[in-house]
Structure formats: C-alpha cells, structure tokens
1. Within segment 29-68, track down each residue that is within 18 Å of Glu7 (Cα to Cα) and either among the acidic types (Asp, Glu) or without any contact (Cβ under 8 Å) to a residue 60 or more places away in the chain (or both).
2. Going through Gln112, Gln144, Gln208, Gln185 one at a time, which residue ends up being exposed (fewer than 14 other Cβ atoms within 10 Å of the Cβ), closer than 27 Å to Glu7 by Cβ and out of contact with any Lys or Arg (no Cβ under 6 Å at 6 or more places or on another chain)?
3. For segment 188-205, enumerate the residues that are surrounded by fewer than 21 Cβ atoms within 10 Å (Cβ to Cβ), among the small types (Gly, Ala, Ser) and in a helix (DSSP H, G or I).
4. Hand me the list of helices (runs of 4 or more DSSP H) wholly inside segment 69-156 holding 3 or more residues that are in contact (Cβ under 8 Å) with a residue 24 or more places away in the chain and under 25 Å from Ser196 (Cβ atoms).
5. Would segment 169-182 turn up any residue that is assigned to a loop (DSSP other than H, G, I, E, B) and either in contact with a Cys (Cβ under 7 Å, 6 or more places away or on another chain) or surrounded by 11 or more Cβ atoms within 10 Å (Cβ to Cβ) (or both)?
6. Need pairs with beta-carbon distance below 6 Å; first residue over 16 Å from Thr8 (Cβ atoms) and in contact (Cβ under 8 Å) with a residue 40 or more places away in the chain and within segment 193-208, second in a helix (DSSP H, G or I) and polar (S, T, N, Q); sequence gap 6+ or separate chains.
7. Among residues belonging to segment 26-68 that are assigned to a loop (DSSP other than H, G, I, E, B) and polar (S, T, N, Q), point out the one that is nearest to the chain's Cα centre (by Cα).
Amino acid sequence: MAIIGIETSYGKKTGDFLIIQSLATLAFDYPRRSAFFREELAHFLLLAKEGALDANTTKGSFAGAIGIPQFMPSSYRRFAVDFKKKGKRDLLHDVGDVIGSIANYLNLHGWQRNGPIANKATVSGKAYQTIAKNKVTKPHLTMQQLARYSIKLQKPQALRDKTQKANLMVLERSKDFKEYWIGFQNFYVITRYNHSIHYAMAVYHLSQHIHTLQQGKK
C-alpha cells in the first residue's frame, strides 16, 4: 500500500505521456541510456502484442513507467499477475492486479515474510565510518558483527532474530544532523523497486503509519 501511495498517490497521478512516444524518444535520442530504453520499448511493443494494453493510447510517466504501480514494461511482463484470474493483467485499472503484482515483485526479489525492515541505530567512536553507507547494498553483517564497529539498535528488543544480515545507513536530515539506521533484507528488497535509500525510507515510514491506522481501527 505504501509503494502505491509513493508512486502515484493511490492511482491519482499515473502520468500523461504517451508511452510509445516517451520510450521511442529515450531509446533513440538519449545516448547515455539508449540501450536500456530500447529494451523497454521492445517489451512495451510485446505487451501490446500480447493484449495487455493498447500501444497507441497507453499513457504513463516521461520515463515509460506504466499504471498505478509505475512498472517499466520489462517489469510489467515479468512480475505482473492476473490476480483475479480474468484472463488479463491490468495494472492501469485493476487494484487487485496492482497489489498482487507489487507483492509478486517483492516476493521474487527476496522479501522475508514478517521479517524486519529497518530500525534506528546509535553509533559511537569512528569505527562505524568505515562501513557507513549513503546508498544501499545487500545486507552482509549480523548485529554481532556490527557491534564490533560500535553500532547498536536504539531498541534492541525490536529485533528477535540476531542473526539477520544488515547494513548501516546514514540519512542526512540537514547539514549538521544525521540519522543512523540499520537496514535489513526487506529494506534492501524495497530498493529493488527504486534504488534510492530515501525512496525506500519514505515507503517504510508510510507503511508504518498505515499499519498504525489499521491497528487503531481494530
């Protein structure tokens, strides 16, 4: 739910650019990433051939992302699911397909059900600086190993499995203020959707807010 909120404000802002024009422009008039966008253009045309959408009318982002979850064409073809078994995968209108497809995307990238996502950390000394990351890499250190760098969770009781692999991440809230976070496998999986650490953290915080609201209604 949080990803849909961040991506398109729950389907309100899916983009007004004709996908065929966006991808054709980027494929042949953007040398730095032309190979990537040529491949996406090919996937888009295959989607049209497969009957998933209309190549002449489908609109999305200026970069070619499609529908409520803003899947690129290659992701649409690989991860989209026909959740309601109606014979078509529809990420433009069918909320069931959208939610199921995002879940499938996260699952196939290694999501751990009920696993930790991220927790605030405290640091001391200077040893932590050697492993502090401003961008996300695959978690590779346990909490015991992180402790050797004087890195601890603010709330140790929040983590049940101490063998979980993690990374230390640094978020600069301002020039003179930094936050330190421990990111686990599930945080890394969110960054497979968008590689920005700030994007993943926004998704995490929104998801926690949604969860709190849901708990309050019970």
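1. Of segment 29-68, the ones within 18 Å of Glu7 (Cα to Cα) are 58-68.
Scanning segment 29-68 gives Thr58, Lys59, Gly60, Ser61, Phe62, Ala63, Gly64, Ala65, Ile66, Gly67.
2. Details: Gln112 fails: exposed (fewer than 14 other Cβ atoms within 10 Å of the Cβ); Gln144 fails: closer than 27 Å to Glu7 by Cβ; Gln185 fails: exposed (fewer than 14 other Cβ atoms within 10 Å of the Cβ).
That would be Gln208, the only listed residue that is exposed (fewer than 14 other Cβ atoms within 10 Å of the Cβ), closer than 27 Å to Glu7 by Cβ and out of contact with any Lys or Arg (no Cβ under 6 Å at 6 or more places or on another chain).
3. Answer for segment 188-205, where residues must be surrounded by fewer than 21 Cβ atoms within 10 Å (Cβ to Cβ), among the small types (Gly, Ala, Ser) and in a helix (DSSP H, G or I): just Ala202.
4. On the way: elements: 73-79, 95-108, 143-147.
In segment 69-156, the matching helices (runs of 4 or more DSSP H) lie at 73-79, 95-108.
5. Just the residues of segment 169-182 that are assigned to a loop (DSSP other than H, G, I, E, B), to begin with: 175-176.
Still in the list and also either in contact with a Cys (Cβ under 7 Å, 6 or more places away or on another chain) or surrounded by 11 or more Cβ atoms within 10 Å (Cβ to Cβ) (or both): none.
Taking every residue of segment 169-182 in turn, none turns out to be assigned to a loop (DSSP other than H, G, I, E, B) and either in contact with a Cys (Cβ under 7 Å, 6 or more places away or on another chain) or surrounded by 11 or more Cβ atoms within 10 Å (Cβ to Cβ) (or both).
6. Note: pairs meeting the criteria are Ala200/Thr191.
7. Of segment 26-68, the ones assigned to a loop (DSSP other than H, G, I, E, B) are 29-30, 50-58, 61-65, 67-68.
Checking which are polar (S, T, N, Q) leaves us with 56-58, 61.
Numbers: Asn56: 28, Thr57: 27, Thr58: 23, Ser61: 17 Å.
Only one residue tops the list, namely Ser61.
Every number in this text was worked out from the coordinates using simple rules, so none of it is lab data. Values in this document were obtained by computation on a predicted structure and should not be read as measured data. Note that each Cβ is placed from the backbone with ideal geometry, even for glycine, and that neighbours are counted across all protein chains shown.
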